[in-house]
Amino acid sequence: MTTETKTLADLAPAKGEGAEAAPVRTQKLDKLGRAYATGKRKDAVARVWLKPGKGMITVNEKDYKAYFARPVLQMLLQQPLNLANRATQYDIRITVAGGGLSGQAGAVRHGISKALTYYEPDLRGVLKKQGFLTRDSRTVERKKYGRVKARKSFQFSKR
């Protein structure tokens, strides 16, 4: 048997051949020219339609400031738009269901971020770096048999 010594440089493919290039992303639009995305957080699911416009955001047929009354939740919605400097360029229509207001606001933020990347694929790097495209998978732990809640147990009695 012949033994050949190879270095790491010999094992790696050459720059031009075999190396995979970054995937080219294209717009994903429906027949009406809108970008559609689904955002999720806890038990809330938000369906987001994004199209060019004046910056109107409606959630369940209401203005987003009326639906999300707390300023923190309104700020959460605006984060992806402000980061991409697109706050007044798109009209956004959202339907959200399930969970509470905080989970719904997180779902809407996730949906807006995904819809922005579908409409403008160049924004993906900026939004991904801030973590807006990652689905926050934390949910409520289920209640177990023989326990008061998920982890709390009944009071122990020695006698």
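Out of the stretch 85-101, which residues are in contact with a strand residue (DSSP E or B) (Cβ under 9 Å, 6 or more places away or on another chain) and either β-branched (Val, Ile, Thr) or part of a strand (DSSP E or B) (or both)? Scanning the stretch 85-101 gives TYR90, ASP91, ILE92, ARG93, ILE94, THR95, VAL96, ALA97.
Every residue in the stretch 33-83 that is part of a helix (DSSP H, G or I) and charged (D, E, K, R), please.
Pass one, the stretch 33-83, residues part of a helix (DSSP H, G or I): 64-67, 71-83.
Result: LYS65, single match.
For the stretch 25-42, the set of residues classified as touching a helix residue (DSSP H, G or I) at 6+ places or on another chain (Cβ under 9 Å) and of a type outside the set (A, V, I, L, M, F, W, C) consists of ARG25, THR26, GLN27, LYS28, ARG34, TYR36, THR38, GLY39, LYS40, ARG41, LYS42, listed by residue number. In the stretch 125-153, the residues that are without any contact (Cβ under 8 Å) to a residue 40 or more places away in the chain and of a type in the set (Gly, Ala, Ser) reach residues that are open to solvent by 100 Å² or more (accessible area, probe 1.4 Å) and in a loop (DSSP other than H, G, I, E, B) with C-beta atoms within less than 9 angstrom, at least six apart or across chains, in these pairs: GLY146/PHE154; ALA150/VAL140; ALA150/ARG142; ALA150/LYS143.
Residue-wise test of (1) open to solvent by less than 40 Å² (accessible area, probe 1.4 Å); (2) within 17 Å of LYS65 (Cβ to Cβ); (3) at pLDDT below 95.
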| site | (1), (2), (3) |
| --- | --- |
| ARG86 | no, no, yes |
| ILE92 | yes, yes, no |
| ALA97 | no, no, no |
| ALA107 | yes, no, no |
| ILE112 | yes, yes, no |
| ASP122 | no, no, yes |
| LYS128 | no, no, yes |
| GLY131 | yes, no, yes |
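In the stretch 73-116, what residues are of a type in the set (Ser, Thr, Tyr) and closer than 14 Å to LYS40 by Cβ? Please lay out each step first, then the result.
To start, the set of residues in the stretch 73-116 that are of a type in the set (Ser, Thr, Tyr) comprises 88, 90, 95, 102, 113.
Scanning the stretch 73-116 gives THR95, SER102, SER113.
Evaluating ASP43 against the criteria (1) closer than 28 Å to VAL140 by Cβ; (2) acidic (Asp, Glu); (3) without any contact (Cβ under 8 Å) to a residue 12 or more places away in the chain leaves one unmet condition, (3). A search for C-beta distances below 7 Å between a residue of the stretch 21-39 that is touching a residue at least 60 places away in the same chain (Cβ under 8 Å) and any residue that is assigned to a loop (DSSP other than H, G, I, E, B) and of a type in the set (A, V, I, L, M, F, W, C), counting only pairs 6+ apart in sequence or on different chains, returns ALA35/LEU29.
Within the stretch 44-66, not a single residue is basic (Lys, Arg) and under 22 Å from GLN130 (Cβ atoms).
The values are calculated or read from the model by the stated rules, or taken from the named source; none is laboratory data. Computed from a predicted structure; not experimentally measured. Here the Cβ is made from the backbone with ideal geometry for all residues, glycine too, and neighbour counts use every protein chain on show. Ligands, DNA and RNA are excluded from the accessible area calculation, which covers all protein heavy atoms including side chains. Shrake-Rupley method; radii C 1.70, N 1.55, O 1.52, S 1.80 Å.
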